[in-house]
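Heads up, the thing below is written out as structure tokens.
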Amino acid sequence: MSGNAIIEAADFAATKHVNQRRMNAEQAPYINHCIGVCRVLTAEGNVDDTDTLVAALLHDTVEDTDTTFEEIEARFGPTVRKLVSEVTDDKTLEKKERKRLQIEKAPFASDQAKRIKMADKIYNLRDIVKSPPLGWSEQRIKEYMEWAQKVTNGCRGVNDKLEAILDGIYADFHSKHP
């Protein structure tokens, strides 16, 4: 795969997420999140592996749209399918169980999936600090931070730069919200 695959994945994700919005006050187009996760990987994590970047762009398509894993594999190959599968929650499960499984499974994910998971959390945490989802209390934000830290702790050892960013986010948050 090449840079063309990245553009194809961005186009695919934009089409799939076309009517979705983020939960923040701005209700930003959802595709901004997918592109942002990919940007965190490249610009801040120095990740240049095409499969990882393509999977980062597609990481929420199966979870949040009508996309299937088979469709991902047919368009982007088995490696991308595997990576998307590793970072996709099973929406048939209760939210509490999905969150528990993310913590439990993180240490056993591939290095590529761990990088995607860390970049996803970096993007989400920055977004929550800057513009929390509508209706989220301080307590809910704190609970999300604590949960995200448990997930990302299971992803350590694959990218020092992403880990340092996460450590900074957590330290800053906890210093302001003891």
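The values are calculated or read from the model by the stated rules, or taken from the named source; none is laboratory data. Since the model is a prediction, treat every value here as computed from it, not as a measurement. Note: ideal-geometry Cβ built from the backbone for every residue, glycine included; neighbour counts use all protein chains shown. Each accessible area value is taken on the protein alone, full model and side chains, heavy atoms only, with ligands, DNA and RNA left out. Shrake-Rupley method; radii C 1.70, N 1.55, O 1.52, S 1.80 Å.
Rounded to the nearest 10 degrees, what's the angle between the helix 95-105 long axis and the longest principal axis of the chain, both from Cα atoms, 0 to 90?
So the inclination is approximately 80 degrees.
Return the calculated 222 nm mean residue ellipticity for the chain, to the nearest 500 deg cm²/dmol, obtained by summing -39500 (n - 2.57) across DSSP H runs with n ≥ 4 and dividing by the residue count. Don't jump to the answer; show the numbers that get you there.
Values: 10 runs with 117 residues, N = 178.
Helix contribution divided over all residues of the chain: -20500 deg cm²/dmol.
Keeping all protein chains in the complex and leaving out DNA, RNA and ligands, what accessible area do you get for Glu146 with a 1.4 Å probe, in Å² to the nearest 10?
Here the residue's solvent-accessible area equals roughly 80 Å².
For the chain, what is the convex hull volume of its Cα atoms per residue in Å³?
Details: hull volume 20.0 nm³, N = 178.
That works out to 112 Å³ per residue.
Could you tell me how many degrees, from 0 to 90 and to the nearest 10, lie between the Cα long axis of helix 160-176 and the main elongation axis, the longest principal axis, of the Cα atoms of the chain?
Relative to the chain, helix 160-176 is tipped by roughly 30 degrees.
With the dipole of the chain worked out from charges on the C-beta (+1 for Lys and Arg, -1 for Asp and Glu) around the Cα centre, which of Ala109, Ala74, Ala10 lies farthest toward the positive end?
Going by the charge dipole, the pick is Ala109.
In square angstrom, what is the accessible area per residue of the stretch 49-166 with a 1.4 angstrom probe? Walk me through the numbers on the way to the answer.
Working: 5700 Å² over 118 residues.
Per residue, the stretch 49-166 has an accessible area of 48 Å².
What's the ranking of 89-96, 169-176 by average number of surrounding C-beta atoms within 10 Å, highest first? Can you show the working numbers first?
Working: 89-96: 10.2, 169-176: 13.2.
Top of the packing list down: 169-176, 89-96.
Scan around Arg21 for amide H atoms under 5 Å from its own, H built in the peptide plane at 1.01 Å from N, and keep only partners 5 or more places away or cross-chain.
Here Tyr30 satisfy the definition.
Against the longest alpha carbon principal axis of the chain, how many degrees, from 0 to 90 and to the nearest 10, is the axis of helix 3-16 turned?
Once rounded, one gets 70 degrees.
Per the 1.4 Å probe, what fraction of the accessible area of the chain, in percent, lies on carbon and sulfur atoms? Mind showing how you got there, number by number?
Numbers: 4650 of 9060 Å².
About 51 percent, which is the carbon plus sulfur part of the accessible surface.
Which ³J(HN,Hα) values in Hz, rounded to whole numbers, follow from the phi angles of the stretch 127-137 under the Karplus curve 6.51 cos²θ - 1.76 cosθ + 1.60, where θ = phi - 60° and Gly and Pro get x?
Rounded to whole hertz, the list is 4, 5, 5, 6, 8, x, x, 4, x, 7, 7.
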